[in-house]
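K.L.:
Quick one: this structure, given as structure tokens, is what I'll be asking you about.
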Amino acid sequence: MPSEPLLVTSRFYVVEVDRPLADGSIRTRAVVRHPGAVTIVPMIDDDHVCLIRNFRVSVNQTLIELPAGTLEPPEPADQAAHRELVEETGYEAGAMQELHQFYLSPGILDEKMHLFLATDLKEVGAAREAGEEIENLIVPWQEAIELVESRRIQDAKTISGLLLYDRIRSRNS
């Protein structure tokens, strides 16, 4: 609920002026209110992950990313993860496990990202939205980590998701 006038509203978010300081002092800030999102680490098998190449208008580049998407309230995060995985990659998950939740840029944005691991994948065909420029990029796990280390992956949710799951994998082996 906005505490000050709305500056911008769109299908997925609003930008409002907020005064969030806990000590009672007044400091006006613009805050982006977002319904939340999911990102998925889709494991094709024990050693291959399905990344995507995704053209992003905001940076005018094709980025290597984990599949992701916005929640459609009141949709639960796990349901959104299943939906987005099929839409963006064409894979359906037999198992979906939430690994973490985190904020992407809490200085200006309240978007909470839910990170999931998808396993037992079955190819069912992508259902990409009109205008999406996405293609699958299936790579061995170690290559995905090398893409992070070489800075070829620049997307924060992808860096976080891959490195967290890499740590979990190393503990479990």
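The values are calculated or read from the model by the stated rules, or taken from the named source; none is laboratory data. Please read these numbers as outputs of a predicted model, since none were measured by experiment. Note that each Cβ is placed from the backbone with ideal geometry, even for glycine, and that neighbours are counted across all protein chains shown.
K.L.:
Scanning the stretch 125-173 for residues that are acidic (Asp, Glu) and without any contact (Cβ under 8 Å) to a residue 40 or more places away in the chain, which turns out surrounded by the fewest Cβ atoms within 10 Å (Cβ to Cβ)? Working first, answer last.
P.N.:
So in the stretch 125-173, the residues acidic (Asp, Glu) come out as 129, 132-133, 135, 143, 146, 149, 155, 166.
In the following step, the residues that additionally are without any contact (Cβ under 8 Å) to a residue 40 or more places away in the chain were identified as 143, 146, 149, 166.
On the way: Glu143: 14, Glu146: 13, Glu149: 10, Asp166: 16.
Here the answer is Glu149.
K.L.:
Just name the residue that is nearest to Arg33 (Cα to Cα) out of those in the stretch 113-124 that are surrounded by 17 or more Cβ atoms within 10 Å (Cβ to Cβ) and not aliphatic (A, V, I, L, M). Please lay out each step first, then the result.
P.N.:
Going residue by residue through the stretch 113-124, those that are surrounded by 17 or more Cβ atoms within 10 Å (Cβ to Cβ) are 113-118, 121.
Narrowing further to those that are not aliphatic (A, V, I, L, M): 114, 116.
On the way: His114: 16, Phe116: 22 Å.
Selected residue: His114.
K.L.:
Let me ask something else about it. Being farther than 16 Å from Thr70 by Cβ, part of a strand (DSSP E or B) and touching a Pro at 6+ places or on another chain (Cβ under 8 Å) narrows it down to one residue among Ala118, Ala95; which is it?
P.N.:
Ala118
K.L.:
Which numbered condition trips up Leu85, out of (1) farther than 18 Å from Ala130 by Cα; (2) touching a residue at least 40 places away in the same chain (Cβ under 8 Å)?
P.N.:
(1)
K.L.:
So in the stretch 146-173, with the set limited to residues that are part of a loop (DSSP other than H, G, I, E, B) and at pLDDT 95 or above, which one is nearest to Leu85 (Cα to Cα)?
P.N.:
Step one: of the stretch 146-173, the residues part of a loop (DSSP other than H, G, I, E, B) are 150-155, 173.
Then keep just the ones that are at pLDDT 95 or above; that gives 150-155.
Values: Ser150: 26, Arg151: 24, Arg152: 22, Ile153: 19, Gln154: 20, Asp155: 17 Å.
Top of the filtered list is Asp155.
K.L.:
Yes or no: Glu143 of a type in the set (Asp, Glu) and modelled with pLDDT under 95? Before the answer, list the steps.
P.N.:
On the way: of a type in the set (Asp, Glu): yes; modelled with pLDDT under 95: no.
No; evaluated as a whole, the condition is false for this residue.
K.L.:
Take the stretch 121-145 and flag every residue that is assigned to a loop (DSSP other than H, G, I, E, B) and within 15 Å of Ile44 (Cβ to Cβ).
P.N.:
Narrowing the stretch 121-145 to residues assigned to a loop (DSSP other than H, G, I, E, B): 124-133.
Of everything in the stretch 121-145, those that are assigned to a loop (DSSP other than H, G, I, E, B) and within 15 Å of Ile44 (Cβ to Cβ) turn out to be Val124, Ala126.
K.L.:
Then there's this: Checking the structure you have, find out if any residue of the stretch 69-91 is within 22 Å of Ala156 (Cβ to Cβ), aliphatic (A, V, I, L, M) and surrounded by fewer than 18 Cβ atoms within 10 Å (Cβ to Cβ).
P.N.:
No - not one qualifying residue is present in the stretch 69-91.
K.L.:
For Tyr91, indicate whether it is under 26 Å from Ala127 (Cβ atoms), modelled with pLDDT of 95 or more and aromatic (Phe, Trp, Tyr). Steps first, please.
P.N.:
On the way: under 26 Å from Ala127 (Cβ atoms): yes; modelled with pLDDT of 95 or more: yes; aromatic (Phe, Trp, Tyr): yes.
Yes; evaluated as a whole, the condition is true for this residue.
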